[in-house]
Every structure is written in C-alpha cells, then in structure tokens.
C-alpha cells in the first residue's frame, strides 16, 4: 500500500544538513541576543582639549569650556586643584550653572542644587542620589596648561 519507510542516504543527508542549519541559525540568533543585552566593551575614543592656562583660573572660580561636540563643560579651580563637570543636569538634561555667591551649581528646571563637588544636595537630583558627570582633567604643571579629556568627533 504505502512506500517503504526506509531512510535513504539522500534523505538522511538532507535531514542532517537541515538540522545543522537550524542549530547554526538558532546559535547566531542567541549570540546576537546576548550581544544586544551586553554593553559594548569598546571605550570611546577621546582627545585632549586645551582648556586654558592654569594662571587664568582663580581659586573658587568656574569657567565654561565648550567641547568638540558643542557641549558645555564647567571647569572649577578649588583647593584640591582643577575639576571639571558636565553642565547637563542628570535629572532631565537641563543646563546647570555656577552660582558664585553660594558656591554651588544650580539647575533652574526643577530647582536642583549641587555642591561644589557636583553632588546633588537638593531637589529631584538629590532625591535620586545623582551627581554631575565628571570630565577628566590633566594639568601640565611644567607648562601651566589645563587639558580636558573629551569624546572625539570620530567616535
């Protein structure tokens, strides 16, 4: 009545190739899923940006420097040396500014207040335990030059 259910060599090879293809495709799908969930391990390219002469920074003062991408960086000279912070509030991305009289950074959007070290002390950023993003600073003491490490345009 029916055909012989014997497995021929040709049908076995076809089944084996299809099984290998199926396993490989699921393996590639799983690998792509893992790569999607994990952050990239490649560090973005950076560049040193000239931020001025050390002598131009008075103790307790803050100067704004614009990086290569047009973002403002607030550079402060304190007793510990030169520190730099992003001017972007971590709460909602508004621009913070330095209030010289109070010695603090202030975000006008939701009245967020940051101390001189960039740590939130009032407002929604403080409730969330946030702080201003720090920008790496290098000071060439021999030449008296301040450099900021910023993201390169090509990264």
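No lab work stands behind these numbers, since they all come straight from the coordinates. Predicted model, so just to flag it, every value in this text is computed and none were measured. Cβ atoms come from the backbone with ideal geometry, glycine included; neighbour counts cover every protein chain shown.
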Between 0 and 90°, nearest 10: helix 9-37 axis offset from the chain longest Cα axis: 10
Shape of segment 40-83, Cα gyration tensor, a/c cut at 1.5: prolate
Length added when fully stretched, residue 37-residue 18, from 0.36 nm per residue minus Cα-Cα: 4.0 nm
Förster-model FRET efficiency, 41 Å R0, residue 102 and residue 152, C-beta, rounded to 0.05: 0.70
Per-pair calculated FRET efficiency, R0 = 25 Å: residue 128 and residue 59 via Cβ, rounded to 0.05: 0.20
For a label point 7 Å along the Cα-to-beta-carbon line of residue 79, residues of segment 94-130 with backbone N under 14 Å: 116-117
q = 0.14, 0.20 Å⁻¹: log10 I(q)/I(0) that the Debye formula gives for segment 46-151, counting C-alpha atoms only: -0.51, -0.99
Global form of segment 1-68, assessed from the alpha-carbon gyration tensor, a/c cut-off 1.5: prolate
